[in-house]
Amino acid sequence: MELLVKNGFVYDPLNGIDGEKMDIAVKDGKIVEKVNERKAKKIDASGMLVMPGGVDIHSHIAGSKVNSGRLLRPEDHFKDFEPKTPITRSGVGYSVPSTFTTGYRYARMGYTTVMDPAMAPLEAKHTHEEFNDIPIIDKASYPLLGDWWFVLEYLREGRIEECARYVAWMITSTKGYAIKLVNPGGLETWGFGHNVRGLDDQVPYFCITPREIIRGLCKVNKLLNLPHTIHVHTNNLGKPGNYVTAVETMKCVEDLALENKPAIHITHCQFCAFKGDDWRTLESGSEDIANYVNGHSHATMDMGQVIFADTTTMTADGPFQFALYELSGNKWVNHDVETETSGGIVPFHYRRKSYVHAVQWSIGLELALLIRDPWKIFMTTDHPNGGPFIAYPKIIAWLMSRKARGATLKKVNPRARSRSLLPSIDRELGFCEIAIMTRAGQAKALGLKDKGHLGIGADADIAIYNVNPETTDPSRKYKSVRRAFKQAANTIKDGKIVVNDGEILKHVGGATMWLDVQTLEPIKITEEMKRKFKEYWTVEYENYPVTEHYLEVSRPITVKADV
Amino acid sequence: MPVVKAVTCPVCGSLCDDIELTIEDKEIVKVKNGCAMCESKFLNYNGKHRIRKPLIRKDGKLVKATLKEAVRKTAEILAEANYPILYGWSSTSCEATRVGLELAEEVGGVIDNTAVVCHGPSLLSVQEIGISSCTLGQIRHRADLVIYWGSDPWSAHPRHIERYTTFSEGRFERSEWRGYVAKIKASIGRKKIESVLRRLFLKKKPTVPSSYLEGRVCPTISREGRKLIVIDVRRTKSAEMADYFIQVEPNKDYELLQAFRALIRDQELDVDKVAGVPVEYLEEVSDAMVGCNFGALFFGVGLTMSRGKLRNIDAALSLVRDLNTRTKFIIMPMRGHFNVAGANTVSTWQTGYPYAVDFSLGYPRYNPGETSVVDVLMRKESDAALIVASDPVANFPRKAAEHLVENPLVVVDPHMNATAHMADVVLPSAFVGIEASGTAYRMDHVPLPLKRVAEPPRGVLPDEEILRRILSEVRKIKRKKQVAAEAQ
């Protein structure tokens, strides 16, 4: 099918197009140079923004942890549900929406690619089964490898290449996309109910430190030529004073970066930008982090913005979740996974009137505004940890308008307001910068060649928003910007129009992207590995890998490794 | 003879996946590694109770029909019903449950799985308290204290202790198998001595120490290594092998749990006995709980379905949660059917709720007690039912079963069970995990693939395929109705 998006203001930062009025031609699911204008279906985008489909680098949308969150929170669903229509399936929200609803809601906002950042390798099949039930958007998932016994043991012995081969095997057999580290070392320590306190604290029984794990996996990442960097949730997350750990984490791989290329992605940075000795003296550490990031080119990060709402926190960081349970007294789920990782869930309500929550809200925005290069920091809420993804339009408004920030700042805790850096920041982002932070930059950081831009040959994932950049000043009319980003005028996925004015037109299945990491010699299951399998896991090695049968729409990406 | 390795056993929630089957002439002739239940299923599944042809009730009798007729009839029943029930799901694959949920949404019915009469209270309590849990391998590697409460793994999950808990070999904890063998030998020796003494003196039997009625109870409880505690209303097979057995009075689990909650906070109890157990013994056990490195509490239907139901589980979950401030402790329900966890999981990701989901308003509603199948039946609200891989007529309260069979009833099952005998349409299905592949979730939510190792009888389809056909037939009927309505 041919499609022509006419007369829109196109924002395509990866191809250097900044609000030019032009047509985008689509044929067979790809962007092409031109189509037969008489035959093609035309979409009139005059007076509207045309951007590549949104890309979300970090959003917990599927898998065992998310599903436990759904199970834990019926009260979250009662207030928010979507009935079945002749086209769509029914479902529920709010902070942990059911699978179908997740797909529809992302598509309605013009998002077409979402990465689930935490997959316990043993339970990878679950993530992929849920992916099959998330319609429209393309997905991928990062296996949690930072506390995997294989990694700890091989890194301790300095056998980087072998470690890399096992990591390659793991990524391919769990159909994963990147190496995810969560509180490296801390999760193994949590196995007996403890935690590591910093980068140089030893992991009990394994004689290895978080620093060694991070550096080791960074080297592995390079050996395997993976498209994304290591994706790191730092140690000490959610503790006052942890901005030091975040900066140290970035510093520790400084020498491993090549030719100004990123070597590390610090995820939901807001949660690790706390200054102060305890919750009462909590302050923003965003300036220190921003200064470091502005001076270095090897790190990217995402915001993890806090939204004032009732949400459900879920991370693989078991000890952090336990601390959050002790802090809040809310219900708590813990789920440790043998030899690999752990996880926890605690419902949480961010309140405007709470000093700590208001400071957190401020930190996220400060980071996004103080880091000068939008290619280094991306917009996320770490859904659902900072807030549900449906709040993205609000964040866009805050980033684009000083007035919008001021309106919210007026309502927050006064002590937090007086300490916030936001009043001193005049920067207001433009549509091009928003396009970078919500799609182009994320796609670039992920190494997704066909996503996040509208160049010829790219996937025809397009979002059209009903706001005119010539007549609308986002700084003043932030409400109409927010409205436009909440409901895309049109979302086009693989050349098909799937959303029109916020209404789903088609229920199409989105693809699951995964890395087929090809090592120099194909990895065979050795006797040693079989033995370890028997000792380490309670399942047989034949039943461990995710077969292609589990991926309804499979999109493998071949990667040639150097080992 | 071909040997199929790493087969997942479709019997209980332990979901052992190391079964080796020897196949000869397309039949399973030998089972290796399996327990008695596993062997019996793999070797006898194709017995005389097998249904081989679809059946439809005509003039009060079930007569053979073609698959097409049976599917058509089922679709008519479901499409015409106002408030149908779709029940079962725990002994089939997740793939089938997925289609079942779509079907339930299409016909606007109530979909519920067997958790409602089993671990439903556990799920309600998790929604109230949360749960500190892990995968079974974590227990194998780390647990030095294992408690089974209201559950008899030796009989109901025969390989649970050997594969995942006390008798398994972990990285940080050794297997207690040898200790157990020594204990058995000692007890045999003791019996021999007793019989010798009896013969020598020809007098009355010397008194045998019985559980905790004798001085200091259990020297083993404070020893190093893995300890096994069993808490139950009767001395089960599992209790025989435990280091420590507490016999709780029936229906008093809640009191005992709350007593433990007080004791682990170092509070003193003002009574001598709780639930029939002297407090000093409870103190010893609570010391063991607080003093362990990694404790695991497994609970069974003995806790969920005795008096108090979800309140018992509330107390158990809270106990474990509280223990986590002192040490590392986890809790896990002993799920019965091999894929009951999977049925809950699929239902949760599609609808947000684990069981008892009502689609009658076009979106998922959940209110156990109102939307759970037994309650719907007791209130006589449903007007048709589709039962997949379950036997409610044999298990439900009589009144519920009576209402179930009064209305049109369709059964999809490999067996001619009690419900199938009362049904209006019976659709034979292939055995999931033997004749049909799929996915099942272990009790700790680890997904495992089920293998197809044998051919189903001719013309017999897997649940998933049967449900797909019913769904497409229902949609056809609905479309016709719509067209007819528009024409008028």
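Here are the numbers for the structure shown:
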{"item": "Rounded accessible area per residue of the range A:512-560, 1.4 Å, Å²", "result": "55 Å²"}
{"item": "P(r), alpha carbons of the range B:120-333 - 10 Å bins starting at zero, rounded %", "result": "8, 33, 36, 16, 5, 1, 0"}
{"item": "Amide H contacts under 5 Å for residue A:335, placed H, 5+ residues apart", "result": "A:343, A:344, B:133"}
{"item": "Chain A - Rg (one decimal) and Dmax (whole number), Cα, Å", "result": "22.4, 70"}
{"item": "Rel. contact order, % - alpha carbon contacts under 8 angstrom, at least six apart, chain A", "result": "20 percent"}
{"item": "Carbon/sulfur fraction of accessible area - the range A:512-560, other protein chains in place, 1.4 Å, %", "result": "55 percent"}
{"item": "Interface residues, the range B:305-353 - accessible area loss of 40 Å² or more versus chain alone, probe 1.4 Å", "result": "B:321, B:324, B:328, B:348, B:349, B:350, B:352, B:353"}
{"item": "Accessible surface of the range A:253-336, 1.4 Å probe, proportion on carbon and sulfur as whole %", "result": "45 percent"}
{"item": "Global form of the range A:512-560, assessed from the alpha-carbon gyration tensor, a/c cut-off 1.5", "result": "oblate"}
{"item": "Helix-derived mean residue ellipticity, 222 nm - over chain B, DSSP H n ≥ 4, -39500 (n - 2.57), to 500", "result": "-12000 deg cm²/dmol"}
{"item": "Unit charges on C-beta of K, R, D, E only; dipole of the range B:296-449, Debye", "result": "800 debye"}
{"item": "Accessible area buried, both sides summed, chains A and B with 1.4 Å probe, Å²", "result": "5200 Å²"}
{"item": "Which of B:125, B:325, B:306, positive extreme of dipole for the range B:120-333 (C-beta unit charges)", "result": "B:306"}
{"item": "Phi-based couplings in Hz for the range A:385-395 (Karplus 6.51, -1.76, 1.60; Gly and Pro marked x)", "result": "5, x, x, x, 5, 5, 8, 3, x, 4, 5"}
{"item": "Built amide H within the under 5 Å cut-off of residue A:516, gap 5+", "result": "A:557, A:558, A:559"}
{"item": "Packing rank of A:223-229, B:462-468, where each peptide gets the mean count of other beta carbons within 10 Å, highest leading", "result": "B:462-468, A:223-229"}
{"item": "Chain B, relative contact order in percent, only Cα pairs under 8 angstrom and at least six apart counted", "result": "26 percent"}
{"item": "Long-range HN-HN contacts of residue B:299 with modeled amide H, under 5 Å", "result": "B:149, B:332, B:334"}
{"item": "The range B:413-470: Cα Rg divided by the 2.2 N^0.38 Å rule of thumb", "result": "1.27"}
{"item": "At 1.002 mPa s and 20 °C, Stokes D of the range A:293-438 from Kirkwood alpha-carbon radius, µm² per second", "result": "132 µm²/s"}
{"item": "Reduction of at least 10 Å² in accessible surface, 1.4 Å probe, comparing all protein chains with the chain by itself, residues of the range A:288-333", "result": "A:322, A:325, A:326, A:331, A:332, A:333"}
{"item": "Pair residue A:205, residue A:258: separation of 7 Å Cα→Cβ label points (nm)", "result": "3.6 nm"}
{"item": "Chymotrypsin sites (Phe, Trp or Tyr not before Pro) restricted to the range A:305-352 and DSSP loop, no more than 15 other C-beta within 10 Å", "result": "none"}
{"item": "With eigenvalues of the C-alpha gyration tensor scaled by 5 and rooted, chain B, Å", "result": "46, 27, 20"}
{"item": "10 °C / 1.306 mPa s Stokes-Einstein diffusion coefficient of the protein assembly as shown, Kirkwood radius on C-alpha pairs, µm²/s", "result": "52 µm²/s"}
{"item": "At least 50 Å² accessible surface lost relative to isolated chain, residues of the range B:97-115 (1.4 Å probe)", "result": "B:98, B:105"}
{"item": "Set of the range A:41-64 residues, backbone N closer than 11 Å to the point 7 Å along the Cα-Cβ line of residue A:15", "result": "A:52"}
{"item": "The range A:512-560, relative contact order [Cα under 8 Å, separation at least 6], %", "result": "73 percent"}
{"item": "Accessible area of the range B:120-333 divided out per residue, in Å², using a probe of 1.4 angstrom", "result": "45 Å²"}
{"item": "Cα-centre dipole for the protein assembly as shown with unit charges at Cβ (Lys and Arg positive, Asp and Glu negative), debye to 20", "result": "1480 debye"}
{"item": "Charge dipole (the protein assembly as shown, unit charges on Cβ, about Cα centre) - positive-most of B:254, A:413, B:440", "result": "B:254"}
{"item": "Zero-based 10 Å bins, Cα pair distances in the range B:1-65, whole percents", "result": "19, 38, 21, 17, 5"}
{"item": "Alpha carbon convex hull of the range A:169-280, volume per residue in cubic angstrom", "result": "119 Å³"}
{"item": "The range A:497-557 versus the range B:429-482: alpha-carbon centroid distance in Å", "result": "22 Å"}
{"item": "Lys/Arg +1, Asp/Glu -1 at C-beta; chain B dipole; positive extreme among B:13, B:63, B:343", "result": "B:63"}
{"item": "Estimated dipole of the range B:120-333 in Debye, rounded to 20 [Cβ of Lys and Arg +1, of Asp and Glu -1, Cα centre]", "result": "1240 debye"}
{"item": "Kirkwood Rh and Cα Rg combined as Rg/Rh, the range B:43-125", "result": "1.03"}
{"item": "Computed label-point distance, nm, for sites residue B:192 and residue A:475 using a 7 Å Cα→Cβ extension", "result": "9.6 nm"}
{"item": "Phi-based couplings in Hz for the range B:277-288 (Karplus 6.51, -1.76, 1.60; Gly and Pro marked x)", "result": "10, x, 4, 4, 6, 5, 4, 5, 5, 5, 4, 4"}
{"item": "Sparse-neighbourhood loop sites, trypsin sites (Lys or Arg not before Pro) in the range B:347-404 - DSSP loop, at most 14 other Cβ within 10 angstrom", "result": "B:379, B:380"}
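The values are calculated or read from the model by the stated rules, or taken from the named source; none is laboratory data. Small disclaimer: the values here were computed from a predicted structure and weren't measured. Every residue, glycine among them, receives a Cβ derived from its backbone with ideal geometry; neighbour counts consider all protein chains shown. The protein model used for the area step is the full one, side chains on, heavy atoms only, and it has no ligands, DNA or RNA in it. Shrake-Rupley method; radii C 1.70, N 1.55, O 1.52, S 1.80 Å.
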